[in-house]
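Below: one structure, written as structure tokens.
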Amino acid sequence: MIVDSNPFSRRILRTILHAFGCKSWMECADAAEALKILRHSTPDILFTELHMAPLNGNELIQFIRKDENPSIHFMPVIVVSAYSEIYRVVEARDCGANEFLIKPYSAASLLGRIREVIERPRPFVRLPSYFGPDRRRRSSPTPRGVRRRSTDLKD
């Protein structure tokens, strides 16, 4: 499902997905329309822009992560947005987005994000204030107990 208020942006994404072999997709001009469709249909992946009205992309992600239907609740969400300030990326991550792709993007970078959610999905975690994919990108390569801080070396 593609959710973006800009028809040109939807067309670009649709064209790339078609080139990848995706033969069917749904498109919505806003998050409210997407929520109505999600009551009756479950896409494999949802691509959303952040800047929309009446609901924005982060609100859409929050509704998805709070949904009682597990097929929607765990659906991979890739944010595709030109609003790339770090606080927006962090906000989308904290709402439960799986991946973030900055516009303009290449077909290769889009394929990379799709592969991430399919081939290496992060486990979902449930906390009192958050439900969604684990926000940690990598685990520490340093074994436990190994001193890593400069203050640790001054014994």
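The values are calculated or read from the model by the stated rules, or taken from the named source; none is laboratory data. These numbers come from a predicted model, not from an experiment. Quick note on the areas: whole protein, heavy atoms, side chains included, nothing else; ligands and nucleic acids left out. Shrake-Rupley method; radii C 1.70, N 1.55, O 1.52, S 1.80 Å.
Of the heavy-atom accessible surface of region 1-126 (probe 1.4 angstrom), what whole percent is carbon and sulfur? Walk me through the intermediate numbers first.
Values: 3810 of 6790 Å².
Solvent-exposed carbon and sulfur of region 1-126 make up 56 percent of the total.
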**Study point:** Candidates His73, His18, His40, ranked by Gaussian network fluctuation over the chain, Cα under 10 Å, top entry
**Key:** His40
Review point. Roughly speaking, what is the centre-to-centre gap between region 102-127 and region 1-43 when only Cα atoms are used, to the nearest Å?
Key: 16
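How many Å² of accessible area per residue for the chain, probe 1.4 Å?
On the way: 9660 Å² over 155 residues.
About 62 Å² of surface per residue is accessible.
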**Study point:** Identified option (computed Rg/Rh (Cα atoms, Kirkwood Rh); candidates (1) 1.05; (2) 1.02; (3) 1.09)
**Key:** (1)
Point to revise | the chain: most fluctuating residue of Asp134, Asp44, Asp30 per GNM, C-alpha cutoff 10 Å | key: Asp44
